[in-house]
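Just so you know, all these numbers are worked out from the coordinates, no wet-lab data involved. What you see is a predicted model; the values in this text were computed from it and never measured. Methodologically, a virtual Cβ is constructed for each residue, glycine included, from the backbone with ideal geometry; neighbour enumeration extends over all protein chains shown.
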Amino acid sequence: MNADLIIYNIGQLVTGKELPLKENESPMENIEILENGYIAISGNEIMTVGHGEVPSKLIKFTTKLVDAEGCVVVPGMIDSHTHLVHGGSRENEFLDKIQGVPYIDILKKGGGILSSVKATKELSEDELLDKAKKTLRTMLSFGVTTVESKSGYGLDNETELKQLRVNERLNHEQEIEIVSTFMGAHALPQEYRDKRDEYIQKVIDLLPIIKERNLAEFFDVFCEEGVFSNEESKRMYLEAQKYGFKLRIHADEIVNTKGAELAKELNMYSADHLMAISQEGIEALKNSKTIANILPGTSFSLGKNYAPARKMIDEGVQVALSTDYNPGSCPTENLQLIMQIAALKLKMKPKEIFKAVTINAAKSIGREKRIGSIEEGKKADFVMFDAKNIEYILYHFGVNHTKKVFKNGCLVFKK
Ligand code: IZC
Ligand code: ZN
């Protein structure tokens, strides 16, 4: 069979394929990198990959040939934790934040998440859609082709459903694939301050409606001191599981509330943040299929400690990296910056970082059979960087290295 498109002369082709671990390799360095690689694409799928000369049997007279000029090519990157759809911004809290007012104190005063809730209620569905599209265009320019997007700025049925409908429409109206998460348990609305159980029941009652309308695949809770306790979270998760939701969790971000342990117990796809994870939490994740989704941009932006990624990886935990894009604790679309922070602050190695934003991120959203690596039969999502090796992309920080982005075999961004 011949290809429709061939990318050749790839200096380093990070296929993302997982290889058997070699001696002296960390448990996350086992991804394949081909020197002088090529990719053959048929329709919207990867037909084959290889290195050296492109076999002539792949080429027909209509095959489009693209010279990568020795650049790096990697699988389309996946941002597996974002609060994409929201109204407004929170620069009015910025001065307080940099002067050390704690994130949770801002929330308790009705700011933080609750101020974004107000701004999200004020926008129409179409306005939210337009704002999110603009954000996604920026994410795409950084090499991101799949994004997980949470609700949680409504905290009432109408606005939560509005956010989730925006997720659904985004999937048809722009290039990036959206994975939708219901996060009605993002904060307790002020009017429920003395009626916690009532609010929790309201979240539970919305679950079957969302499932019936097919508006979300995942369910997420902000399990944190001052937000939802471990027990309250578990109560909601057990209900969500009954309705067929896949689970992910905001775990051990500020205070340790045994979120990682809960993630293992309920067989969650991912446990996210983990700045305050304990040794028991690390043990739990090590012996689970749960991906530790680390969000170092949030530590950077809040001026907090970083998750112990090096220790977790060395002990055998599988890690993903995401932006946590949101208007409060991490207002950036730039996944490349997050990867650079992971190198500089978490001491993650280049291969580990590329594994974290490709195949491991795909596992954290249950998409590893379809995306996350450049392998035969997978979606033809990939990024070409203006760099000769992966180290350069992490070393030269704060700029956008993207040259071209392909989604489903089509060129969707060009510098
Ligand atoms: O709007 O502050 N941590 N949720 C949990 C967030 C950060 C988003 C926000
Ligand atoms: Zn979050």
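Viscosity 1.306 mPa s, temperature 10 °C: give me the Stokes-Einstein translational D for region 23-139 in µm²/s, with Rh taken as the Kirkwood radius over C-alpha pairs. Value of D from the Cα-based Kirkwood radius: 81 µm²/s.
Of the chymotrypsin sites (Phe, Trp or Tyr not before Pro) found in region 1-93, those that fall in a DSSP loop while having at most 16 other beta-carbon atoms within 10 Å are Phe61. D by Stokes-Einstein for region 77-364, Kirkwood Rh over Cα pairs, 25 °C, 0.890 mPa s: 132 µm²/s.
The long axis of helix 157-173 is offset from the longest Cα principal axis of the chain by roughly 10 degrees.
As a footprinting exposure proxy, order Met139, Met268 by other Cβ within 10 Å, with the fewest listed first.
Working: Met139 23, Met268 28.
Least crowded to most crowded, the residues run Met139, Met268.
Mean separation of Cα pairs under 8 Å and 6+ residues apart, divided by the residue count of the chain: what relative contact order is that in percent? Kindly include the intermediate steps, with their values, before the conclusion.
Values: 977 pairs, mean separation 84.2, N = 415.
Computed over the chain, the figure is 20 percent.
Between 0 and 90 degrees, the angle of helix 335-344 with respect to the longest Cα principal axis of the chain falls at about 90 degrees.
As a rough footprinting exposure proxy, the listed residues Ser56, Ser364, Ser149, Ser115 were ranked by other beta carbons within 10 Å of their own, and the order from fewest upward is Ser56, Ser115, Ser149, Ser364.
Which GluC sites (Glu not before Pro) does region 1-54 hold that lie in a coil by DSSP with at most 14 other beta carbons within 10 Å?
Numbers: sites: Glu18, Glu23, Glu25, Glu29, Glu32, Glu35, Glu45, Glu53; in loops: Glu23, Glu25, Glu29, Glu53.
Counting only loop positions with at most 14 other Cβ atoms within 10 Å, the GluC sites (Glu not before Pro) in region 1-54 are Glu23, Glu25, Glu53.
Neighbour counts of other Cβ atoms within 10 Å put Ile176, Ile78 in the fewest-to-most order Ile176, Ile78.
By how many nm would the segment from Ala119 to Glu53 lengthen if fully extended, with 0.36 nm per residue of separation less the alpha-carbon distance?
On the way: separation 66, 0.36 × 66 = 23.76 nm, distance 5.53 nm.
18.2 nm is the gain from fully extending Ala119 to Glu53.
Relative to the longest principal axis of the C-alpha atoms of the chain, give the angle of the C-alpha long axis of helix 125-141, reported between 0 and 90° and rounded to the nearest 10°. On a 0 to 90 degree scale, this one is about 40.
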